[in-house]
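Note sheet for the following structure.
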Amino acid sequence: MRVFDSPRSMQVAEVEGRSTTLTGNSPVQHNGRAQAERDWLITLPRSDGTYLYLVFIAPENDFAQLQPTYQKMLDSLQIQ
């Protein structure tokens, strides 16, 4: 995996976190070759000192189409 874009601040469920996208080869193969994937990693600090990690994974070619769905999922997240 390698960083696709620089980490940036992000607000999720009123919590200030960090977001970055990664790119790499998927363990899923097609015709014996690893497929390219993109992963969207979000890290949110918790009040107890731990972190909540969310990772949205898609084939490279499908990521842009799926990102609005991932954003809706984040928008509906409730952290207690």
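Based solely on its DSSP helices, what 222 nm [θ] is calculated for the chain when runs of n ≥ 4 H residues each add -39,500 (n - 2.57) and the sum is averaged over all residues, nearest 500 deg cm²/dmol? Walk me through the numbers before you get to the answer.
Numbers: 1 runs with 13 residues, N = 80.
Dividing the helical sum by the residues of the chain leaves -5000 deg cm²/dmol.
Can you give the relative contact order of the chain as a percent, counting alpha carbon pairs under 8 Å and 6+ residues apart?
Relative contact order of the chain: 24 percent.
Report, in debye and to the nearest 20, how large the dipole of segment 2-66 comes out about its Cα centre when Lys and Arg carry +1 and Asp and Glu carry -1 on their Cβ. Could the numbers behind the result be given before it?
Details: 6 positive and 8 negative charges, 37 e Å.
Value, rounded to 20: 180 debye.
With unit charges on the beta carbon (Lys/Arg positive, Asp/Glu negative), name the residue among Ser76, Ala58, Ser26 whose Cα is farthest towards the positive pole of the charge dipole of the chain.
Ser26
As an exercise, identify the GluC sites (Glu not before Pro) in segment 4-58 lying in DSSP coil whose Cβ has no more than 15 other Cβ atoms within 10 Å. List each step's numbers first, then the result.
Details: sites: Glu14, Glu16, Glu37; in loops: Glu14.
Those that pass, being in a loop and sparsely packed, are Glu14.
Trypsin sites (Lys or Arg not before Pro), restricted to segment 1-69: which are DSSP loop and have at most 12 other Cβ atoms within 10 Å?
Arg46
Please work out which option in [x] 0.95; [y] 1.03; [z] 1.00 gives Rg/Rh (Cα atoms, Kirkwood Rh) calculated from these coordinates, and answer with its label.
Label of the calculated value: [y].
Read-outs: derived from the displayed coordinates by stated rules, not from any lab. Just so we're clear, the structure is a prediction, and the values are computed from it rather than from any experiment. When we count neighbours, we look across all protein chains shown, and the Cβ atoms used for this are built from the backbone with ideal geometry, even at glycine.
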